[in-house]
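Working notes for the structure below.
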Amino acid sequence: MNSNTAIDLLGGTTAAARFFEVRPPTISEWRKTGFPRAREMYLRAVRMDIYLASGGKFDAKFDAKSRTKD
């Protein structure tokens, strides 16, 4: 699963923005780049169902260095 699928499972861009307490343009960017590490951990802690549906993996299209951004 990629971040697009997880965002869709959360109810779309606007619903995911409310869930993560960010603005919708941030979610749109995550659709392209994947979740920042801290947000992935939050998703795992709060919505384990979505995390498990992904097999515990989110395909990010960026390197590990940029994964620390939040």
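Numbers for the structure displayed
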read-out	value
Long-range neighbours under 9 Å by Cβ, at least six apart or interchain, first residue within 14 Å of residue 36 (Cβ to Cβ) within the stretch 1-19, second part of a loop (DSSP other than H, G, I, E, B) and among the hydroxyl-bearing types (Ser, Thr, Tyr)	6/54
Helices (runs of 4 or more DSSP H) (entirely within the chain) containing at least 2 residues that are at pLDDT below 65 and open to solvent by less than 50 Å² (accessible area, probe 1.4 Å)	none
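The values are calculated or read from the model by the stated rules, or taken from the named source; none is laboratory data. What you see is a predicted model, and the numbers here were worked out from it, not measured in a lab. For neighbour counting, all protein chains shown are included, and Cβ atoms are generated from backbone atoms with ideal geometry for every residue, glycine included. Just the protein is used for accessible areas: all its heavy atoms, side chains included, with ligands, DNA and RNA removed. Shrake-Rupley method; radii C 1.70, N 1.55, O 1.52, S 1.80 Å.
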